[in-house]
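First comes the structure, then the notes that go with it.
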Amino acid sequence: MRSFGKFFSMAGKVIKKELIEIVAEPIVNLAVDSSKEIVTTIGSYFIESLVGKFQKSIQVGIYEHDAMMEEAFLRVMKKYNKIENDPKLCFNDFPISRSDLDDNRLGFAKGYHNLKYKKWNVVLIVDNFKEATMAGECISKGKTYTLICFDFSSQFVKEFKEEMIKEMKLVNQITATSKTIPMYVPVVNDQYPGQRVWFNSLGEIPKRYKQTVFIPDSQMKQIEKVVGDFVKNKDFYVKNSIPYTLNILLYGPPGTGKDTVVKMIASMYNRSLIYIEDSKGGAHIPSILNAENSTNIENPTFVISDIDKYPALIAETEVDLSGSYGMSLSEQIVNKGLFGKMINALDGVMSTQGRIVIMTTNYIDKFDKAFLRDGRVGLKLELGYVTNETFEKFFNHYFKDSVLPEKFTLKNKELTIATLQADIIGGITASEFLKKYLRK
């Protein structure tokens, strides 16, 4: 009798599973076959309204490497449901290893889950997605989380969006005690009107402390004055109707520490870094700088390294009717308009309030004077070769137990901090270091 009971019990489970799949299948079809309408964005992601025959729903796409967005989603769901903590997801100690996260890292396996969100009963459908090139090569993948509710209203979307943004900011919050700063990269989709922009997380990098940045004291004070005053004086900008934005240009020879200063500024003032690269010759950059949803990122600081590689952004370009520049006439006309768009973006009339833009270049002479005028670029800083002052700072930091001669002369007038750093990594001794770089 026990064997028959065990058989019927197992059969019941199989039948129950099949019934669940039969009942759930129409719901999936409603979601998949529904027309899609973009409602809003949360952090880096589209929130889509799926308008079905009997219900509405919203869908969140989360890329596999963005554990911070996943944590925000999990936090929201945990408020209204009994969900066990995922032992593979660190809540308070970033960064975490993305490679250690598997497909069940949210606590939600692929399939269907009956949940609650505030007063609404919802069905959560979890599925995987892949984005591929025209050749079929996978460029990114992640999960989609579709929340279906048969008593759905616009209030659902509004409250869910607000709560997700709140949790995103808490997850990404940077403080003086934080050891890392988050990084993002913009993604532009030309299929949407106005070039839809969103931001993907790249993870975090360790903070760069100013005692490890070797520039003259006068320049360090200049940075602290300009950026510090900007951060502290938001009320002044608002009161006087001045766009609350700051543009910085770091220029000088390669290896003089421009990228290091960028990281130091972000670390000193607890700011997120958004690194901009554009394959369209800079055509997307003005839209990226004005992207509204960058407000969901904690203290956004946009970084355009080697901005001179986008010549149409930094100087007015000529339109060559003969097409001898290797571009079509239409491309040249678009490029001709980029300088004006970039100037408007830097002026910050339509930009995110509190935004900082840091640009770097090795070729300051390529810039139009209108680009560099006072008021448009709030801080222009030339980072040059190693001086006696910066050499002394560097030596005293890395060779604390050794003594630098009171008076010394550098052998090489075009010595860079990058060169000195390479020797430190290579394990050079203090005596070898002095012998290599100082005249007798």
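Coordinate-derived values only; no laboratory data. The structure displayed is predicted, hence computed values, not measured ones. FYI the Cβ positions are ideal-geometry reconstructions off the backbone, even for glycines, and counts take in every protein chain you see.
In nm, what is the difference between 0.36 nm times the number of residues separating Asp365 and Thr387 and their Cα-Cα distance?
Here the segment from Asp365 to Thr387 would lengthen by 5.6 nm.
Just flag the chymotrypsin sites (Phe, Trp or Tyr not before Pro) in the range 207-297 sitting in loop per DSSP whose Cβ has no more than 15 other Cβ atoms within 10 Å.
Within the range 207-297, the qualifying chymotrypsin sites (Phe, Trp or Tyr not before Pro) (loop, at most 15 other Cβ atoms within 10 Å) are Tyr209.
Which of Lys161/Lys380; Lys179/Lys400; Lys161/Lys258 have a Cα-Cα distance over 32 Å?
In this structure, Lys161/Lys380; Lys161/Lys258 exceed 32 Å between Cα atoms.
From largest to smallest, what semi-axes in whole angstrom does the range 388-437 give when each is the square root of 5 times an eigenvalue of its alpha carbon gyration tensor?
14, 14, 10
Taking neighbour counts of Cβ atoms within 10 Å as a proxy for exposure, in what order, fewest first, do Glu414, Glu70 appear?
Glu414, Glu70
Could you give log10 I(q)/I(0) at q = 0.30 Å⁻¹ for the range 372-411, computed by the Debye formula over C-alpha point scatterers of equal weight, without solvent?
-1.08
Contour minus end-to-end for Ile205 and His397, with contour as 0.36 nm per residue of separation and end-to-end as the Cα-Cα distance?
So the extension gain works out to 66.9 nm.
Would you kindly state how much longer the chain becomes between Ser279 and Asn233 on full extension, computed as 0.36 nm times their sequence separation minus their alpha carbon distance, in nm to one decimal?
Answer, rounded to one decimal: 13.0 nm.
Which of Leu246, Leu404, Leu170 has the fewest other C-beta atoms within 10 Å, and how do the rest follow up to the most?
By the 10 Å Cβ count, ascending, the order reads Leu170, Leu404, Leu246.
Mind putting a number on the dipole of the range 181-382 about its Cα centre? Charges go on the C-beta only, +1 for Lys and Arg and -1 for Asp and Glu, and I need it in Debye to the nearest 20.
620
Give me a comma-separated list of calculated 3J(HN,Hα) values for the range 377-387, in order, Karplus coefficients 6.51, -1.76, 1.60 applied at θ = phi - 60°, integers in Hz, x for any Gly or Pro.
Karplus values, whole Hz, x for Gly and Pro: 10, x, 9, 10, 10, 8, 9, x, 6, 5, 10.
Taking the C-alpha atoms of the range 181-382, how large are the radius of gyration and the largest Cα-Cα span, Dmax, in Å?
17.0, 54
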